[in-house]
Every structure is written in structure tokens, then in C-alpha cells.
Amino acid sequence: MATDFVKTFVQMCNYLQDPRHVARFQKVCGVKGTFPVKPSEPDRGEPEPDCPGLRKRAPDSSVVNGAAGDAMVNGMQGDITAGPDAPSVDPDTARAKPLRKNSLTGDVGQEFLIHNKFLFYLFTFGTELGNEMFFIVFFPFLFWNIDALVSRRLIVVWAWNLFVGQSTKDMIRWSRPASPPVVKVEVFYNSEYSMPSTHAMTGTAIPFCLFMLTYGRWQYSFLFGFSVALSWSVLVCVSRVYMGMHSILEVITGFLYSLLILAFFQPILGKIDSFYMTDHFAPLVIIVSHVSLGLVAFSLDSWSTSRGDTAQALGTGVGAAIGTHVNYQLGLLLDPPLSSLPLTLPPISFSLVLLALLRFVIGVAVILVTRMVMKAVTIPSLCRLFGLPTDDVRRARQHMKVELPYRYIVYSVVGFSCVSVVPLFFKILSLA
């Protein structure tokens, strides 16, 4: 009985991993590749015969949506019907290229056709909801304008999700869905491993953690909060299939994996937050634990952008946690008392919106200047320290001994600035 269950489970996983399902979904959503008329036999994404269950990272040459004769900028290209020999197509059809080039190779990808522009923009927005850049904007806005307690606890979950997800990818080492048949609407992470989907993990953990932290603390209905969290998560997860970056199995695994991590962290998030604030040894524990996690993540496989993003998240977590400790010790951390719960949003007014935008613009300006200065100082210093040339920053950052301390130093300072320095600016400018 158990053997039959395992066999059925494996068959189901193999079925959900098939890249042809991704291609069919893309076709339904109006995405069409410009593949050659007679393509060579595609890589079906099966494990290599001599290494069951293990697939090597795909070279960038696998990104073959088809031969694209014209040199063009990324993004939507408009009407494709120009030219005397062009086929007759729907005038709403647009030619497009991936919005960002491959993070490892610099390849811009191949063109594809978009028959449904609404879904293209919807899923592009959805995939951005799982990108690190979104969270770099989202967490500060939440911290400065809405609820600092919720923001700093979300950062803990975000950092751990990225670490666990990326480390799992580097241990399983599955390549991205094969193209063809899949159309690569995105190629930024195409040369990196794909199981599980870390977009699906962060795109699930953050909205559901936000819901769990704010329900009962803020006044809103359960149905509203759950619906927003579920919609956010589903949009991010489905967008990864649309982009051709993940199979259905990888997205489902990422979704369930993040729920498992949330179930682990939910009972102890309050204790972690209290430890960060009150314990005298907290700064030492924070630094040692996060640096150790980064060393583990960097030792599992060769350098990649997503691994750098993991170190960036861990560095941000270090800075935010130490900033929380400093604020508490100096009496600058003013969480609302329990007696004031549940909190309610104040009436939306012009002055309130203006104040929020002013805080955000000033805060982001401080963070960007901090990042620029720290980056300009850190990378050349590390290159000189380790005897590496300073004229090629991209190549220098592919060394763990440069990239790991760079990410940690720069983004721990950025995280500290966000939590401790920027609120101090607000007090000086009477914006608190």
C-alpha cells in the first residue's frame, strides 16, 4: 500500500514538472514563442540518466524562444505587422522581449508574441510583487508610515524564507523549464536553479504573515484580510508559470514550503522580536547567526545573483535587528500600548497623504545616499584587501570573499539606517 502511494506520488510530481504544461498555460494566456520552424529535439527537463533527480544548471543557450532577427530594446515592441513579408496577425498582437537581461550572462533573451496585453501587464506586476526590489520599498514604507512592529517582524520572515528557499535550490539543483516548448518571458534568473520557487515562497509568506500579524491588531474583517493575502499569493505564484520560470510543481512546492516556514515562525516571532530589543547579547547573536547562514548559503554552489540576494536579505535583517535593539535601548522605539488595540486607520486626508509621501521620499533619499556611499567604499576596499583588480566590479563580485562581505556591510548599514537613522531624521524635521 505504501509503495503504491509513493509510486503514485512520484508520477504526480513528474506530471506537474512537465514543461509542456507551462507552455500550454502560456498559450492560453496569449504568449507565443518565435521558435524555429524545425527546432532541434528540446530538452524535456528530465533528470540526467546517470544522476537520477539531479539536473545541472542550464546554460544560457537554453534560452531559445527562437531566432529574433531584429535588434530591439526590451519590453513591448508594438505592432509586428510591419514589413512586406510579415504574416497577417491580430493588430492587438505585440512583439516583446524580456524586461531585464540575464543576471549571470547578460543575455537579453529572445523575442516572443503577446496576444493578451492585459495578462502580460498583470503577471509582470505579479512577478514584481515577489522581487527583492519590491520588498526594499515595501518594508520601509510600512515601517515609517503604518506599523513598525509588523514591518520588523516581516523582515525576519522574509530573510529566513530567502535563505531556506535558496539553500534548498542549491541542494536540489533542478534547472528551469526547458525552452522550447516554454517561452522565456523572463530571463533574469534563467541560469539559476528553480526548485522550489523562491518567488512563490516570499509571495506567499509575506502576505500571509502580514495578515497573521495585523489581524486583531488592526481593525478589519477576517474575510477581507484573508482574501487580500490569498490574491497576492496566487498572483505571484501564477505569474512565475506565465513567465516560464517555474513548473507547476515548483510553484506548488514553494507555496507549501513557505506555509511550513510560517507555521514554524508564527509562535516565536514575538519572542525573537523581544530578544532583539532587550537582550544585551542580541547584537552579537544577530551578527554571528546571520553571517553563519550566509556562509552556508554561499558554500552550497557557485556564485549567482539570487545567492547575492539572499546575503542582501540577511544583511538587511542584521541591520534592522540591531537598529531595533538600539532604538529600544535609547527609548526611541514607541510601539502603541496593548490597551490601544485594535488600531484603526485614520481618515484619509490630503495632509496625511502628503506627510506619508514626504517621509517616504526623504527616507528613500537617505537610504539611497547611504547605499551609494557604502558601495563606493566597500567594493574597492575589499578588492584591495584580497588582491583583486578593481576595474571590473562585476567579476570581482563573483568571488564569495568580496560579494558576501559587500552585501552584508552595505545592506546591514541600509537596514540600520531604515530602522534607526531615518526615524531620527523624521524627529529632527518634525515629521514623526
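The values are calculated or read from the model by the stated rules, or taken from the named source; none is laboratory data. In this text, all values refer to a predicted model and were calculated from it rather than measured experimentally. Every residue, glycine as well, gets a Cβ built from its backbone with ideal geometry; the counts of neighbours run over all protein chains shown. All accessible areas refer to the heavy atoms of the entire protein, side chains included, with ligands and DNA or RNA removed. Shrake-Rupley method; radii C 1.70, N 1.55, O 1.52, S 1.80 Å.
Calculate, in nm to one decimal, what SER227 and ALA2 gain on full extension: separation in residues at 0.36 nm each, minus their alpha carbon distance. Mind showing how you got there, number by number?
Values: separation 225, 0.36 × 225 = 81.00 nm, distance 3.69 nm.
Result: 77.3 nm gained on full extension.
Rank-order 162-173, 383-394, 203-214 by packing density, defined as the average count of other C-beta atoms within 10 Å over each peptide's residues, highest first.
Numbers: 162-173: 20.8, 383-394: 11.7, 203-214: 23.5.
Listed from highest to lowest mean packing, they are 203-214, 162-173, 383-394.
Can you tell me the order of 10-17, 183-190 when each peptide is scored by its average per-residue count of other Cβ atoms within 10 angstrom, highest first? Write out the running numbers ahead of the final one.
Details: 10-17: 12.9, 183-190: 24.9.
Top to bottom by mean Cβ count within 10 Å: 183-190, 10-17.
Leaving ligands, DNA and RNA out of it, report the carbon-plus-sulfur percent of the accessible area of segment 360-430 at a 1.4 Å probe.
Values: 2640 of 3810 Å².
Looking at segment 360-430 in its full context, I get 69 percent from C and S.
Compute the distribution of all C-alpha to C-alpha distances in segment 182-300, in bins of 10 Å from 0, and list the percent of pairs in each, rounded to whole numbers.
So the P(r) values, bin by bin, are 12, 30, 33, 21, 4, 0.
Which FRET efficiency, nearest 0.05, do LEU343 and ARG394 yield, Cβ-Cβ r, R0 56 Å? Walk me through the intermediate numbers first.
Details: r = 46 Å, r/R0 = 0.81.
Once rounded, the FRET efficiency stands at 0.75.
Place the peptides 316-323, 151-158, 345-352 in order of packing, highest mean first, counting for every residue the other Cβ atoms within 10 Å and averaging per peptide.
Averaged packing, sorted descending, gives the order 316-323, 151-158, 345-352.
Order TYR276, TYR242, TYR328, most accessible first, counting only protein heavy atoms with a 1.4 angstrom probe.
Details: TYR276 30, TYR242 0, TYR328 105 Å².
Ranked list, largest accessible area first: TYR328, TYR276, TYR242.
Over segment 304-393, with the other protein chains present, what is the accessible area per residue in square angstrom, probe 1.4 angstrom? Kindly include the intermediate steps, with their values, before the conclusion.
Details: 4890 Å² over 90 residues.
Heavy-atom SASA per residue in segment 304-393 reads 54 Å².
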